[in-house]
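I have placed the structure first, in the form of structure tokens, so that the comments after it can refer back to it.
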Amino acid sequence: MPKVNCIVVTPEKTALEQPCDFLALPLFDGEIGIAGDHSPMIGRLGYGEMRIKENGEQLRFYVDGGFVQVADNVVAVITNRAIPAAELDTNTIESQLAEARSQPSNSPELMESRDRSIAQARAQLRVAGRQ
Amino acid sequence: MAKARALDKRRKSIRNIKKITRTMELIATARFKKAMDRATAATAYTARITQLVKDLAQSGLEVSHPLLENRDKQERGLLLVLTANRGLCGGYNGGVVRAALAQQKELQGNYEDLRLEVSGKRGISAMKFRGIDVDQSYLQFEDQPKFDEVDAIASRYLEAYATGEIDRLDVVYTRFVTSARQVVTTETLLPLGSLTGTDEDADGAGTDSMYEFLPSAASILEEVVPTSFKVKLFKCFLDAAVSEQIARMVAMKSATENAQEIIKHLSMTYNRARQSQITGEIMEIIGGVEALKG
């Protein structure tokens, strides 16, 4: 099977650009796996773990929402943040989660932003806890 | 000898100033390169988003979103002004502040309630000097603005726009065109107007897109629009940072050149003064000798 070229871009820089055998991405409602010759697709990403497999080695990142575009064996991951799993610090995330929980939620908009912060922090914790 | 000595002293102090401006020029050059690299790195993201929007438009999807449409209600406006934290960069801050004041005047005619937000110490003090109240100020943006910081501000604007706290957002900043040209620009970011990429393929749009959309094209569009707003705002900050460094580089270069010229001029005057002093002394001696002879 041909390799897929994985390109991860964030607003600040191109975080990663490398060929790989397989990658798994968190879509908004579940995980998707992409190997070579995948059909063209545009998907909405959720918060969670991105795994990239290359020659038996695995790279793990936390991705913070965004989009994925697959075409011609090129996977473009467009996300706000892509943090290598090793760089996630459980303590900081715990405090972020606590902070998110204490946010006010007395209007639909505030509720939504509170839920989002909590989901982000929880997803980061999951990624950090898996090593 | 008094006059010659004073001239020499002045020349020395100008030499010191020249050293400082020269150093500042070099620092600005290094910072400009860094800021420029960041701005170039950011274009990859913008290009991808544009491509995504294009593909979305080709799927025959009607591109409509509350952020894209003009509102009938025009009551509350918001003006964001991006200036620098530091001075000594020529007309950079002055230009932005002037444009901001003009825009403020214009908006005040249409909007009853106009909020003003300023980033950068220079802009804040300029507004204070003119007696204009600033609703919110930011000092954290230096030569390398972080996306997370801009993201926080952008999210706040989006929320305010959604809840009707603001009906329009204008940004005044210095746009980077080329390294030899930067223009002060006023841009309306909310409502967004149109997405880049949608207008180009308007007639070629059909339903023959090769992409599969997960969950649906409409849901992706819903997410793309706020993202492209955030990216646009981030680009404003990046452009402002790059332009600031260029402005400082140019200002310090001309200051150094000017100091060089003054030194040259002073040296000439100093040499002349010294020469005339020597001549005067010789005349006195010769005069004395002549008098003794007689």
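Looking at A:I118, A:I93, A:I52, which one is buried (at least 19 other Cβ atoms within 10 Å of the Cβ), in a helix (DSSP H, G or I) and away from every other protein chain (no Cβ under 12 Å)? Give the steps one after another, and end with the answer.
Working: A:I118 fails: buried (at least 19 other Cβ atoms within 10 Å of the Cβ); A:I52 fails: in a helix (DSSP H, G or I).
Just a single option satisfies the conditions, and that option is A:I93.
I'd like the full set of residues that are surrounded by 13 or more Cβ atoms within 10 Å (Cβ to Cβ) and either more than 30 Å from B:E222 (Cα to Cα) or more than 9 Å from every other protein chain (Cβ to nearest Cβ) (or both), limited to the stretch B:146-163.
Quick first cut of the stretch B:146-163, residues surrounded by 13 or more Cβ atoms within 10 Å (Cβ to Cβ) only: B:146-147, B:149-151, B:153-162.
Answer for the stretch B:146-163, where residues must be surrounded by 13 or more Cβ atoms within 10 Å (Cβ to Cβ) and either more than 30 Å from B:E222 (Cα to Cα) or more than 9 Å from every other protein chain (Cβ to nearest Cβ) (or both): B:E149, B:I153, B:A154, B:R156, B:Y157, B:L158, B:A160, B:Y161.
Could you list, in sequence order, the residues of the stretch A:55-72 that are assigned to a loop (DSSP other than H, G, I, E, B) and either within 14 Å of chain B (Cβ to nearest Cβ) or under 10 Å from the mean Cα position of the chain (by Cα) (or both)?
Residues of the stretch A:55-72 assigned to a loop (DSSP other than H, G, I, E, B): A:55-56, A:72.
Residue satisfying the conditions is A:D72 alone.
What are the pairs, 6+ residues apart or on separate chains, where a residue within the stretch B:5-16 that is in contact (Cβ under 8 Å) with a residue 40 or more places away in the chain has its Cβ under 8 Å from a residue that is surrounded by fewer than 14 Cβ atoms within 10 Å (Cβ to Cβ) and of a type in the set (G, A, S)?
Close Cβ pairs satisfying both conditions: B:R11/B:S267.
Scan the stretch B:91-113 and give yes if some residue there is in contact with a helix residue (DSSP H, G or I) (Cβ under 8 Å, 6 or more places away or on another chain), among the hydrophobic types (A, V, I, L, M, F, W, C), in a strand (DSSP E or B) and free of Cβ contacts under 8 Å to residues at least 40 places away in the same chain, otherwise no.
Checked against the condition, which is being in contact with a helix residue (DSSP H, G or I) (Cβ under 8 Å, 6 or more places away or on another chain), among the hydrophobic types (A, V, I, L, M, F, W, C), in a strand (DSSP E or B) and free of Cβ contacts under 8 Å to residues at least 40 places away in the same chain, the stretch B:91-113 yields no hits at all.
Quick check on A:A24: is it over 19 Å from B:K230 (Cβ atoms) and assigned to a helix (DSSP H, G or I)?
On the way: over 19 Å from B:K230 (Cβ atoms): yes; assigned to a helix (DSSP H, G or I): no.
Taking the combined requirement at face value, the residue does not satisfy it.
If we keep just the residues of the stretch B:47-73 that are in contact with a Phe, Trp or Tyr (Cβ under 9 Å, 6 or more places away or on another chain) and in a helix (DSSP H, G or I), which is farthest from the other protein chains (Cβ to nearest Cβ)?
Result: B:Q58.
So, in the stretch A:21-49, exactly how many residues are within 11 Å of chain B (Cβ to nearest Cβ), of a type outside the set (S, T, Y) and more than 15 Å from A:T79 (Cβ to Cβ)?
5
I'm checking my understanding of the structure. Among residues of the stretch A:96-111 that are of a type in the set (S, T, N, Q) and in a loop (DSSP other than H, G, I, E, B), which one is modelled with the highest pLDDT? Outline the logic, then answer.
Kept after step one, since they are of a type in the set (S, T, N, Q), are these residues of the stretch A:96-111: A:96, A:102-103, A:105-107.
Cutting the leftovers down to in a loop (DSSP other than H, G, I, E, B) gives us A:102-103, A:105-107.
Working: A:S102: 86, A:Q103: 82, A:S105: 79, A:N106: 81, A:S107: 80.
Once the filter is applied, the top-ranked residue is A:S102.
Can we say B:A57 is within 22 Å of B:S155 (Cα to Cα) and either among the polar types (S, T, N, Q) or in contact (Cβ under 8 Å) with a residue 12 or more places away in the chain (or both)? Before you say what the answer is, go through the steps one by one.
Values: within 22 Å of B:S155 (Cα to Cα): no; either among the polar types (S, T, N, Q) or in contact (Cβ under 8 Å) with a residue 12 or more places away in the chain (or both): yes.
So B:A57 does not fit the description; no.
Restricting attention to the stretch A:96-115, and to residues there that are of a type outside the set (S, T, Y) and in contact with a helix residue (DSSP H, G or I) (Cβ under 7 Å, 6 or more places away or on another chain), which single residue is surrounded by the fewest Cβ atoms within 10 Å (Cβ to Cβ)? Write out each step before concluding.
The first filter runs over the stretch A:96-115 and keeps only residues of a type outside the set (S, T, Y), leaving A:96-101, A:103-104, A:106, A:108-112, A:114-115.
Applying the additional criterion that residues be in contact with a helix residue (DSSP H, G or I) (Cβ under 7 Å, 6 or more places away or on another chain) yields A:96-97, A:100-101, A:103-104, A:109, A:114.
Numbers: A:Q96: 16, A:L97: 17, A:A100: 18, A:R101: 12, A:Q103: 13, A:P104: 9, A:E109: 13, A:R114: 17.
Selected residue: A:P104.
Out of curiosity, is A:Q69 surrounded by 19 or more Cβ atoms within 10 Å (Cβ to Cβ), among the polar types (S, T, N, Q) and under 24 Å from B:L233 (Cβ atoms)? Steps first, answer last, please.
Values: surrounded by 19 or more Cβ atoms within 10 Å (Cβ to Cβ): yes; among the polar types (S, T, N, Q): yes; under 24 Å from B:L233 (Cβ atoms): yes.
Spelling it out, A:Q69 is indeed surrounded by 19 or more Cβ atoms within 10 Å (Cβ to Cβ), among the polar types (S, T, N, Q) and under 24 Å from B:L233 (Cβ atoms).
Would you check if there is a residue in the stretch A:7-30 being touching a Lys or Arg at 6+ places or on another chain (Cβ under 9 Å), at pLDDT 90 or above and more than 25 Å from B:I49 (Cβ to Cβ)?
Yes, the stretch A:7-30 contains a residue that is touching a Lys or Arg at 6+ places or on another chain (Cβ under 9 Å), at pLDDT 90 or above and more than 25 Å from B:I49 (Cβ to Cβ).
I need the full set of residues from the stretch A:75-90 which are within 14 Å of chain B (Cβ to nearest Cβ) and either surrounded by fewer than 13 Cβ atoms within 10 Å (Cβ to Cβ) or in contact with a Cys (Cβ under 8 Å, 6 or more places away or on another chain) (or both), in order please.
Residues of the stretch A:75-90 within 14 Å of chain B (Cβ to nearest Cβ): A:75-83.
Answer for the stretch A:75-90, where residues must be within 14 Å of chain B (Cβ to nearest Cβ) and either surrounded by fewer than 13 Cβ atoms within 10 Å (Cβ to Cβ) or in contact with a Cys (Cβ under 8 Å, 6 or more places away or on another chain) (or both): A:V75, A:V77.
Can you name the residue in the stretch B:75-87 that is in contact with a strand residue (DSSP E or B) (Cβ under 7 Å, 6 or more places away or on another chain) and in a loop (DSSP other than H, G, I, E, B) and, of all such residues, is modelled with the highest pLDDT?
Restricting to residues being in contact with a strand residue (DSSP E or B) (Cβ under 7 Å, 6 or more places away or on another chain) and in a loop (DSSP other than H, G, I, E, B), the top hit is B:T83.
Listed residues B:T185, B:T174; which is within 20 Å of B:K34 (Cα to Cα) and either of a type outside the set (S, T, N, Q) or more than 14 Å from chain A (Cβ to nearest Cβ) (or both)?
Numbers: B:T185 fails: within 20 Å of B:K34 (Cα to Cα).
Result: B:T174 is the single residue among B:T185, B:T174 that is within 20 Å of B:K34 (Cα to Cα) and either of a type outside the set (S, T, N, Q) or more than 14 Å from chain A (Cβ to nearest Cβ) (or both).
Take the conditions surrounded by 15 or more Cβ atoms within 10 Å (Cβ to Cβ), more than 14 Å from every other protein chain (Cβ to nearest Cβ), out of contact with any Leu (no Cβ under 6 Å at 6 or more places or on another chain) and basic (K, R) and apply them to B:R11. Does it pass? Give the derivation first.
Working: surrounded by 15 or more Cβ atoms within 10 Å (Cβ to Cβ): yes; more than 14 Å from every other protein chain (Cβ to nearest Cβ): yes; out of contact with any Leu (no Cβ under 6 Å at 6 or more places or on another chain): no; basic (K, R): yes.
For B:R11, the condition - surrounded by 15 or more Cβ atoms within 10 Å (Cβ to Cβ), more than 14 Å from every other protein chain (Cβ to nearest Cβ), out of contact with any Leu (no Cβ under 6 Å at 6 or more places or on another chain) and basic (K, R) - is not met.
The values are calculated or read from the model by the stated rules, or taken from the named source; none is laboratory data. Computed from a predicted model, the values in this text were never measured in an experiment. Ideal geometry is used to build each Cβ from the backbone, glycine not excepted, and the neighbour counts take in all protein chains shown.
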